[in-house]
Amino acid sequence: MSTAPVIRAATPADAPAILSLVLGLAAYEKLAPPDATAQERLIRDMFSTPPRIQAFLAEVDGTPAGYAFIFETYSSFLALPTLYLEDLFVLPEFRNRKAGYALFTHVVAEAHRRGCGRMEWSVLTWNRLAIDFYVRLGAQHLSDWAVYRLTRPDMENILTTKGAQ
């Protein structure tokens, strides 16, 4: 009989499991996985002082089943922190065992414990499974906000051409 998922903060000893799960997310999203250098940075940043990100692991019967990465941003209008959920991923074989729900509610509790005024995350528009999951839990789609991104090369281009403006 399977036990309920156990959610806990990741430790440096969990690095191999975390990286395996990140590679699982890349495969699921059909994205290029992080290279070895990026993997090293991820683990370094996760366990540095202070950490840039925090990770939680979901374990089912002692097996790493999923993870969540979080960090704080800040709302100037609320004058409160916002907990940002960067990733929440559960391996397919654990998706009907409440691992995703346990991870998500653990992160919600963490946001509440920290006194955050809100919690935010992004979802790929094609990921209907995730969208339906979040909507069932009461999450609201912010249709009046558009996400924009600059990559590192974009930033370098701006910085090298800023004098030409």
Gain on full stretching of the segment that runs from Ala27 to Arg8 - 0.36 nm per residue minus C-alpha separation:
4.4 nm
If you take all C-alpha pairs in the stretch 67-108, what percent of them are over 12 Å apart?
62
For the stretch 26-94, rounded, prolate or oblate, judged on the Cα gyration tensor with a ≥ b ≥ c (square roots of eigenvalues), a/c < 1.5 rounded, else prolate if a/b > b/c?
prolate
What residues qualify as long-range amide H neighbours of Glu86, i.e. H under 5 Å apart, gap of 5 or more or another chain, H built at 1.01 Å from N?
Phe69, Ile70, Phe71
By the Cα gyration tensor axes a ≥ b ≥ c (a/c under 1.5 gives rounded; else a/b larger than b/c gives prolate, otherwise oblate), the shape of the chain is prolate
Under the rule rounded for a/c under 1.5, else prolate if a/b exceeds b/c, else oblate, using alpha carbon gyration tensor axes a ≥ b ≥ c, the stretch 1-50 is classed as oblate
May I ask you to evaluate 6.51 cos²θ - 1.76 cosθ + 1.60, the Karplus curve with θ = phi - 60°, for each residue of the stretch 137-142 and list the ³J(HN,Hα) values in order in whole Hz, giving x for glycine and proline?
8, x, 5, 10, 7, 8
For Asp61, placing the label point 7 angstrom along Cα-to-beta-carbon and taking the stretch 77-98, residues whose amide nitrogen sits under 19 Å are 90-98
Karplus ³J(HN,Hα) for the stretch 32-40 (6.51 cos²θ - 1.76 cosθ + 1.60, θ = phi - 60°; Hz, whole; x = Gly/Pro) runs 5, x, x, 6, 4, 5, 5, 4, 4
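Just so you know, all these numbers are worked out from the coordinates, no wet-lab data involved. As the structure is a computational prediction, the values presented were derived from the model and not from experiment. Methodologically, a virtual Cβ is constructed for each residue, glycine included, from the backbone with ideal geometry; neighbour enumeration extends over all protein chains shown.
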